[in-house]
4 protein chains.
Amino acid sequence: MVNTVNVGIVGISGYSGGKALELLLNHPQVRVCYISANNTQGKIASIWPKLAGRTPLVCQRFDAQKAAKLCDLVFLAVPHTVSMKITPQLLSLGKRVIDLSGDYRLSNASQYAQWYGVPHEDVKNLAQAVYGLCELYREDIRRAKLIANPGCYPTAALLALAPLATSHASVIESIAIDAKSGVTGAGRKVKLELGFSEVNENFKAYKPLAHQHVPEMELYLSKVAGKNLSIDFVPHLLPINCGILETIYVRLHGKLTLNTVYKIYQRFYKKEPFVRILDSGEQPELKNVVNTNYCDIGFALSADSRLLVVTSAIDNLTKGAAGQAVQNMNIMCGFKEKEGLV
Amino acid sequence: MVNTVNVGIVGISGYSGGKALELLLNHPQVRVCYISANNTQGKIASIWPKLAGRTPLVCQRFDAQKAAKLCDLVFLAVPHTVSMKITPQLLSLGKRVIDLSGDYRLSNASQYAQWYGVPHEDVKNLAQAVYGLCELYREDIRRAKLIANPGCYPTAALLALAPLATSHASVIESIAIDAKSGVTGAGRKVKLELGFSEVNENFKAYKPLAHQHVPEMELYLSKVAGKNLSIDFVPHLLPINCGILETIYVRLHGKLTLNTVYKIYQRFYKKEPFVRILDSGEQPELKNVVNTNYCDIGFALSADSRLLVVTSAIDNLTKGAAGQAVQNMNIMCGFKEKEGLV
Amino acid sequence: MVNTVNVGIVGISGYSGGKALELLLNHPQVRVCYISANNTQGKIASIWPKLAGRTPLVCQRFDAQKAAKLCDLVFLAVPHTVSMKITPQLLSLGKRVIDLSGDYRLSNASQYAQWYGVPHEDVKNLAQAVYGLCELYREDIRRAKLIANPGCYPTAALLALAPLATSHASVIESIAIDAKSGVTGAGRKVKLELGFSEVNENFKAYKPLAHQHVPEMELYLSKVAGKNLSIDFVPHLLPINCGILETIYVRLHGKLTLNTVYKIYQRFYKKEPFVRILDSGEQPELKNVVNTNYCDIGFALSADSRLLVVTSAIDNLTKGAAGQAVQNMNIMCGFKEKEGLV
Amino acid sequence: MVNTVNVGIVGISGYSGGKALELLLNHPQVRVCYISANNTQGKIASIWPKLAGRTPLVCQRFDAQKAAKLCDLVFLAVPHTVSMKITPQLLSLGKRVIDLSGDYRLSNASQYAQWYGVPHEDVKNLAQAVYGLCELYREDIRRAKLIANPGCYPTAALLALAPLATSHASVIESIAIDAKSGVTGAGRKVKLELGFSEVNENFKAYKPLAHQHVPEMELYLSKVAGKNLSIDFVPHLLPINCGILETIYVRLHGKLTLNTVYKIYQRFYKKEPFVRILDSGEQPELKNVVNTNYCDIGFALSADSRLLVVTSAIDNLTKGAAGQAVQNMNIMCGFKEKEGLV
């Protein structure tokens, strides 16, 4: 007999919520029992015509009691600040929560206030949230009640840097991340600057050295390193729908060989189902990870061995959001980790 | 000594207005003296960073007196319904007007009300407006006070059909136009459905058989034909910035040879600076007309000679809007017709 | 116990073959036992880096004996003319074949010679091939040894026209199809005209009224109509990766109401898992079918009821090629028809 | 009376040569008298349909005598290694040459051999070539017989770094350039990896830390700095036609304020017609420079003032190739520097 779980998804009208719905409808051990969004209700065909005919569910305004009655586990794909209002209700009703927003990622409430511009309203649960980067926190995830699903940029950055930071933190002198993201990473907002004719055939940096994902990256990277590491981060907007590629410039105090680097990473990820260390000389390409839950990683080293360039690629909506959320669910429910994911 | 004209542009924050400004700043016989937009004011660098450093003009809220004081001729690139409020003011102050909106294209006020959903407020000037399709109405344009600059879809359609309708109206049995337009054709509106991630890698028909450009096409095509011709028109949204390609299916009562077709068109356009009849076997491509004022036209004929396929391509913002407006200005001012245009 | 099938795929280095491999690796009742391509051999990571880590299979030069030894059923995703050399070998070794090329779609060998430019070399098997349009030939497919998987354009056209042609052939006066396809439809060829900078931000018609898919469409449409119907077909190249949208202009002798049209289509497809008749007023969009096996269909009718516009959308690599091939396999093997497909 | 120059263009079938032709046909003081390409000959309409009707010139196989007879100045838009064969012929016939290839950019022949993989065949003229970065070498350009027109990546890099290196070389600790280029930057080659479906919706790094433009950047940057500076350079392929954006990470020994940085750059470029230092807080966007000869530059500084991020944007075919070549010609011929350029 196949084990199954009843899930709900809150915030299905956004790109992450829509992707979560798409993945979960196709998951053989999941029954999607509840879907919700506050600004859009009704038949799925009118919200995501792509999913017409795949579920009879009707999208409703969020009601915690109703969600709790129908579901064992709830995915929250709502904007930050909304999540910290909903999460305590669901937890107190005994439900497990996977939160795709930024609300529970920073363990420090004052740091949250600084970067997100509002005070944190659920400090109690902040303390017990588990950061859902599967490759680093699998055992904690298994037992978690509340998962803070990682941000898209931090997922690509931490997977690219964790092995080095774990074993060779002392050689790291500085880290600059040049990140490029497809447009769905900005959410499904109605803004002139996200209009087709503004973005198409265009490219630009935004929020240079000032993106709210920086403290999240620094927090978890410093944890694995066992020392404070800071990151200079410049994101850019790519004229494509999906995908993040980060080119990471790590200046080194001492020297490393490429051979050592490959060994460190291959060992670190050897049992991981969704991290691929590319062959020497190969570089990640977005088309190889889009619509998959994979993170592809490649390397280059300067002739003087003092600059290591790590490149990592993910799909921002899959491994960077909904796919990683499903992976977290698989771990929490004891399913095969790849179930329902490609 | 070079003859010059002082012009103003109202509505520079939209795509057509921005394109008009770009073209006119580069026109050797034009001095742009006044720029205006009602929702956006200030330095050009903040409205069109692309044009930074190319003009010291500041964009202001529209003021008819001010515009009239500074300019001989005013381009209106405002939404329909706005134009018919502004135009009478400028005309009464003795200024010439080139209106890029749909307000003066239909000679019949009740037809305007039917297709644009509001009554016409300037019926007096409607009667004296000249339809600015340069290839058909050059002499009238020369003397006009008010030009109704053609719509983008009608420009491509009329240039593709006028030669046939002029000499062979009797053989035309039916006309279906399958039109495809880049996204700037929809204007610079802030709508979810025009968002990058909604349009990119997508394609769809919209307003099938119900677009407001239909009566404009039928009116002027029937005029050149000397009989009523109706058009079935289905527009589509292309995931590109600029360009319109129309594939026109003309069913014929009698027979025509391709050779005859080429002769009709080559003769009709032989002195035209901006219409290119492609060589036999060649088909228009958008990349050959984008950022130019050209209209490229090609043909195919069915084996039984009963279906003629005419394809025409223009840049919707240039020949389909601002470029044609400049061409109209050149004619009105006695400049060389290609001046300032490519 | 789950029933499974051992399959091989020949021609995995092309887009259709690659897509077939991707779908079949994810199919719970399929074991991919053999992969082959004549111009590219080796590890899957070097051919489709996207599929790295998903199969240990090595791509080899085609060898019919080897394929037959390992597989029950073989997918051929090779160019036309190659397929008719391979197919007889596999059939004679007792294997079932699903051929994605054009080699077995036209029942008439001389028509094949006319449109494909070479004589047919396997006339014997041409006669027994079953046209794999699942919605029309499901029972024949169940028992077939050799499936001629439909072309991408004919799939969208036939699904859009079959219901009307089946019940109302007498009202059809003429049919013109304006088709638009993403670039993968042209195959994975190395040609300047398929280069990124040539296609991007471009759009054009090609082979107007002269595409080799015309006789295939006419053959099967005439069969369901019970009379000869001819089709005027103009394909265009869309600057996107995947998807076909066809806008079909059907001139009618008599009159039809939209209400009748919807009833005809809804009844015809009411049990079909992969055809969606959109709600009244809705039009298909490529983004709703790309990466799925669905065909979405919409309608518009002229005010005088004499022109019916049918629009249909599919993913050219999925429903238009590899997805439909998998659907055919599901029928042939007695699996659920949606197994392994979305 | 207007001063004019007779020019020839060799290599018009490539993207740079085609762009040069397009710009020069529109230049009021230029007569294009000779066009040539070795792999493609004939009417311009068959090579660049976009330029049909704009010149009666016929493209011929290159013949130095013929070119010299018709022209005062010749643009070479041929592949590297071809240019060093042609250039000496034209120079010896007394013609001025603007070479868009890499053949005369490195003053050191052995460095050329190392990075371009072949020995230099025209060492004599290498010594007298002037590097055509107008903003740095205007006076030398005025008198030059042979211009080595800068590479696209070096143009964006040097304009972004020259002011800092000129006045503050001592504070520069290290420089890493993360560059992103549109696909025309790769030339008009027929390769699978440049096919539309391979590049579209994709993004990747290539030749990380190993691009042949590195020595060119280091050479001229070190010259203005008066000391050796090395550059770590990682280029990426953007899925757009045109444009280069470079995000440059300059680690500083000492401290700089943003205010100082802006002053340095504004002073350095205050009389330059084609360099725009953006307002504080603004970042360059490709759409603002594509189809123009501008270079837009912006800045960000880390909180600890130890990392300066300089971003620069150009059109790779205009300021990065043909536009800069025309600017060089304007300087050489005593024309206004902006003539024929936007």
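The values are calculated or read from the model by the stated rules, or taken from the named source; none is laboratory data. Model, not experiment: these values are computed from the prediction. Cβ placement follows ideal geometry from the backbone for every residue including glycine, while neighbour counts extend to all protein chains displayed. Accessible surface areas use protein heavy atoms only, side chains included; no ligands, DNA or RNA. Shrake-Rupley method; radii C 1.70, N 1.55, O 1.52, S 1.80 Å.
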In the stretch D:288-297, residue least open to solvent (accessible area, probe 1.4 Å) [restricted to those that are more than 19 Å from A:LYS207 (Cβ to Cβ) and within 13 Å of chain A (Cβ to nearest Cβ)]: D:VAL289
Qualifying residue in the stretch B:303-311 (condition: touching a Phe, Trp or Tyr at 6+ places or on another chain (Cβ under 7 Å), more than 14 Å from chain C (Cβ to nearest Cβ) and open to solvent by less than 30 Å² (accessible area, probe 1.4 Å)): no
Condition check for A:LEU286: under 17 Å from A:ALA156 (Cα atoms), of a type outside the set (Gly, Ala, Ser) and more than 22 Å from the chain's Cα centre (by Cα): no
In the stretch D:276-287, residue farthest from the other protein chains (Cβ to nearest Cβ) [restricted to those that are under 21 Å from D:PRO235 (Cβ atoms) and not basic (Lys, Arg)]: D:PRO284
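State yes or no: is A:GLN266 more than 11 Å from every other protein chain (Cβ to nearest Cβ) and modelled with pLDDT of 95 or more? Write out each step before concluding.
Values: more than 11 Å from every other protein chain (Cβ to nearest Cβ): yes; modelled with pLDDT of 95 or more: yes.
Taking the combined requirement at face value, the residue satisfies it.
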Selection count where residues are of a type in the set (Ser, Thr, Tyr) and in a strand (DSSP E or B), scope the stretch A:274-290: 0
Exclusive hit being open to solvent by 20 Å² or more (accessible area, probe 1.4 Å) and in contact with a Leu (Cβ under 6 Å, 6 or more places away or on another chain), set D:VAL2, D:VAL32, D:VAL7, D:VAL58: D:VAL32
Filter result for B:VAL234 (within 11 Å of chain C (Cβ to nearest Cβ), outside any loop (DSSP other than H, G, I, E, B) and in contact with a Pro (Cβ under 8 Å, 6 or more places away or on another chain)): yes
Odd one out for C:LYS223 among (1) within 14 Å of chain B (Cβ to nearest Cβ); (2) modelled with pLDDT of 95 or more: (1)
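Any residue at all in the stretch D:180-189 that is open to solvent by less than 20 Å² (accessible area, probe 1.4 Å), touching a helix residue (DSSP H, G or I) at 6+ places or on another chain (Cβ under 6 Å) and within 14 Å of chain A (Cβ to nearest Cβ)? Walk me through it before giving the result.
Step one: list which residues in the stretch D:180-189 are open to solvent by less than 20 Å² (accessible area, probe 1.4 Å), which gives D:180-184.
Now drop any that are not touching a helix residue (DSSP H, G or I) at 6+ places or on another chain (Cβ under 6 Å), which leaves D:183-184.
Those still in the list that are within 14 Å of chain A (Cβ to nearest Cβ) too: D:183-184.
Checked against the condition, which is being open to solvent by less than 20 Å² (accessible area, probe 1.4 Å), touching a helix residue (DSSP H, G or I) at 6+ places or on another chain (Cβ under 6 Å) and within 14 Å of chain A (Cβ to nearest Cβ), the stretch D:180-189 yields at least one hit.
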Residues that are without any contact (Cβ under 8 Å) to a residue 24 or more places away in the chain and among the charged types (D, E, K, R), drawn from the stretch B:305-341: B:LYS336
Residues of the stretch D:178-207 that turn out to be within 21 Å of D:HIS80 (Cβ to Cβ) and in contact (Cβ under 8 Å) with a residue 24 or more places away in the chain, as a count: 11
Whichever residue in the stretch C:247-263 is in a helix (DSSP H, G or I) and more than 13 Å from every other protein chain (Cβ to nearest Cβ) and, among such residues, is surrounded by the fewest Cβ atoms within 10 Å (Cβ to Cβ): C:ASN259
Residues located in the stretch B:195-209, provided they are more than 8 Å from chain C (Cβ to nearest Cβ) and of a type in the set (A, V, I, L, M): B:VAL199
Among residues of the stretch D:91-150, those that are in a helix (DSSP H, G or I) and either open to solvent by 20 Å² or more (accessible area, probe 1.4 Å) or in contact with a Cys (Cβ under 9 Å, 6 or more places away or on another chain) (or both), counted: 22
Residue identified as among the aliphatic types (A, V, I, L, M) and either buried (at least 24 other Cβ atoms within 10 Å of the Cβ) or outside the structural domain of B:THR311 (by TED's automatic domain parsing) (or both) among B:ILE244, B:ILE231: B:ILE244
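Suppose the filter is over 18 Å from the mean Cα position of the chain (by Cα) and over 30 Å from C:HIS80 (Cβ atoms); does C:ILE277 pass it? Break it down into steps so the answer makes sense when it comes.
Numbers: over 18 Å from the mean Cα position of the chain (by Cα): yes; over 30 Å from C:HIS80 (Cβ atoms): yes.
So C:ILE277 passes the test.
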Subset of the stretch A:87-121 (residues that are without any contact (Cβ under 8 Å) to a residue 12 or more places away in the chain and among the hydrophobic types (A, V, I, L, M, F, W, C)): A:ALA113
C:LYS336 outside the structural domain of C:ILE175 (by TED's automatic domain parsing) and open to solvent by 30 Å² or more (accessible area, probe 1.4 Å): yes
Selection count where residues are in contact with a Gly (Cβ under 8 Å, 6 or more places away or on another chain) and under 19 Å from C:GLY94 (Cβ atoms), scope the stretch C:4-29: 2
Hits in the stretch B:206-222 - residues which are over 18 Å from the mean Cα position of the chain (by Cα) and not hydroxyl-bearing (Ser, Thr, Tyr): B:LYS207, B:PRO208, B:LEU209, B:ALA210
Which listed residue is assigned to a loop (DSSP other than H, G, I, E, B) and either in contact with an Asp or Glu (Cβ under 7 Å, 6 or more places away or on another chain) or modelled with pLDDT under 95 (or both), from C:ASN228, C:ASN202: C:ASN202
Selection count where residues are surrounded by 19 or more Cβ atoms within 10 Å (Cβ to Cβ) and assigned to a strand (DSSP E or B), scope the stretch B:159-179: 7
Matching residues, the stretch B:191-228, being β-branched (Val, Ile, Thr) and open to solvent by less than 20 Å² (accessible area, probe 1.4 Å): B:VAL199, B:VAL214
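Can you tell me which residues in the stretch C:292-316 are over 18 Å from C:VAL30 (Cβ atoms) and within 14 Å of the chain's Cα centre (by Cα)?
The first filter runs over the stretch C:292-316 and keeps only residues over 18 Å from C:VAL30 (Cβ atoms), leaving C:292, C:294-316.
C:THR292, C:TYR294, C:CYS295, C:SER312, C:ALA313, C:ILE314, C:ASP315, C:ASN316, listed by residue number.
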Helices (runs of 4 or more DSSP H) wholly inside the stretch D:1-86 that include at least 2 residues being without any contact (Cβ under 8 Å) to a residue 24 or more places away in the chain: D:44-47
Flag if C:LYS271 is away from chain B (no Cβ under 14 Å), part of a loop (DSSP other than H, G, I, E, B) and free of Cβ contacts under 8 Å to residues at least 60 places away in the same chain: yes
